[in-house]
Amino acid sequence: MSEAFDLRCAKLIANLGLAGPGEILAVKPLTGGVASDISVVSLPGREICVKFALPKLKVAEDWRAPVHRNKAEYAWLMAAAACAPENVPGLYGWSAADNGFAMEYVTGESVYLWKDALLKSAPDRGEAEAVASVLGRIHAASTAPGFDPSPFRNRDDFHALRLEPYLNFTANKHPDLAPQLCALVNALYAADSVLVHGDVSPKNILFRNGKPIVLDAECATMGDASFDLAFCLNHLILKALHLPASRRSLLVSVLRFWASYEPGISWEDPVALEARVAALIPALMLARVDGKSPVEYLSDQTRARVRALAIPLIANPVRSLTDLITAIDKD
């Protein structure tokens, strides 16, 4: 980071009333993300995290998105905190003037990143079920009477951040699948029934004392719950293909995830939702090898396997996650 960024952090913290500019001891950038500048700011007696959205994401393709998504992310964190306070970081304020916010820096001996645990083939500690339960609670709360959806009328931002770079871009590379992929785009763009996080990925989920803490809701919008479910489950499937020794347990965790989530569905027919999830996952599998944001850990051989699995399932979708896992496990 630069001196200018340090000054931007100092201004945000001062505007939020968290500390004066002279009280900042250090600013340490956090790495790993592509959509935002994130840093840990050391203050007397504590550390906090600050976040600013980037206008151009740090990927090989030209991928741009509006920076006001930072406000939507903070609004999602506030909405999640209302029904699942232990599952989001503490919030210290959002500044319109600085287009950034400050939150708790989640750290400690018990804290680990779910993605790291999966890639290390760490023993399963019920993470999938815990994440599904929290996600279901947030989704259900957003459909309850009295919920205010107005901060989340962000379908155009969601299109720029998710639908275009993942599904539309992939459709251009696979014109034979364009009708199916574009139909998914149109349905997801039109949906507005549930508060969607938009990036429910193991890289955005910390565990502290056995409880998930969900981060990075820059894509938050009113939409279709199937997107959050499929986005997360896709990561488990890709890691199952990447890690042969963990393959069976990861594929089973997909079904355990759904079993934990399904009882909380009160806003629609669970069978219909499951069918949409099962249809969307193969499209996202293909998008993570041929879209604008390819998964970094897959070998060329595994990428080819992902294509071979995903393409027929996009052309002829199954309607249940059990059928989807059976098709993938035959490979």
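Across 5 Å bins from the origin, how do the percents of Cα pairs in the range 43-193 run, short distances first?
Computed distribution, short to long bins: 2, 7, 12, 14, 18, 19, 16, 9, 3, 1, 0, 0.
Please give the Cα centre distance for the range 189-250 versus the range 85-133, rounded to the nearest Å.
Their Cα centres are 12 Å away from one another.
Enter the accessible area per residue of the chain (Å², integer; probe 1.4 Å; all protein chains in place).
Numbers: 13650 Å² over 331 residues.
Averaged over the residues of the chain, the accessible area is 41 Å².
Tell me, what % of the accessible area of the range 229-311 is carbon and sulfur with a 1.4 angstrom probe?
Details: 1600 of 2790 Å².
Of all accessible area on the range 229-311, carbon and sulfur atoms account for 57 percent.
Please give the charge dipole size of the chain, origin at the Cα centre, charges +1 on K and R Cβ atoms and -1 on D and E Cβ atoms. Round to the nearest 20 debye. Intermediate values should be presented prior to the final figure.
Numbers: 33 positive and 37 negative charges, 107 e Å.
Magnitude of the dipole: close to 520 debye.
Pick from Arg46, Arg307, Arg288: which residue has the top mean-square fluctuation in a GNM of the chain where Cα pairs under 10 Å get a spring?
The residue with the greatest mean-square fluctuation here is Arg46.
From the C-alpha coordinates alone, can you work out the Kirkwood hydrodynamic radius of the chain, in Å?
Values: mean 1/r = 0.0491 Å⁻¹.
After inverting the pairwise mean of 1/r, the radius is 20.4 Å.
I want to check a number: in the chain, how many lysine pairs have alpha carbons closer than 14 Å, given a sequence separation of 8 or more or different chains?
Final tally of qualifying lysine pairs is 11.
Which value, in Å² and to the nearest 10, is the accessible area of Leu113 when all protein chains are kept and the probe is 1.4 Å?
40 Å²
Taking the C-alpha atoms of the range 188-295, how large are the radius of gyration and the largest Cα-Cα span, Dmax, in Å?
Taking only Cα atoms of the range 188-295, I get Rg and Dmax of 14.0, 40 Å.
Could you work out the relative contact order of the chain, using alpha carbon pairs under 8 angstrom and six or more residues apart, expressed as a whole percent?
Numbers: 553 pairs, mean separation 54.1, N = 331.
Over the chain, the number comes to 16 percent.
In nm, to one decimal, how far is the modelled label at Asp176 from the one at Arg305, with both set 7 Å along Cα→Cβ?
Once both label points are built, they end up 2.2 nm from each other.
Rounded to the nearest 20 Debye, what is the dipole magnitude of the range 144-194 about its Cα centre when Lys and Arg each give +1 and Asp and Glu each give -1 at the C-beta?
Details: 4 positive and 6 negative charges, 17 e Å.
That gives the range 144-194 a dipole magnitude of about 80 debye.
Name the helices (complete DSSP H segments) of the chain with a Cα length along the long axis of 24 Å or more and a Kyte-Doolittle mean of at least -0.5, or state none.
Numbers: long enough: 225-242 (26 Å, 1.05); 270-290 (30 Å, 1.23).
Passing helices, by number: 225-242, 270-290.
Find how much the distance from Glu104 to Lys330 grows on full extension, using 0.36 nm per residue of separation minus their present alpha carbon separation; answer in nm with one decimal. Mind showing how you got there, number by number?
Numbers: separation 226, 0.36 × 226 = 81.36 nm, distance 4.40 nm.
Using 0.36 nm per residue and subtracting the Cα-Cα distance, I get 77.0 nm.
The values are calculated or read from the model by the stated rules, or taken from the named source; none is laboratory data. Nothing here was measured: the structure is a model prediction, and the numbers come from that model. Glycine gets a Cβ as well: all are built from the backbone with ideal geometry, and neighbour counts include every protein chain shown. Each accessible area value is taken on the protein alone, full model and side chains, heavy atoms only, with ligands, DNA and RNA left out. Shrake-Rupley method; radii C 1.70, N 1.55, O 1.52, S 1.80 Å.
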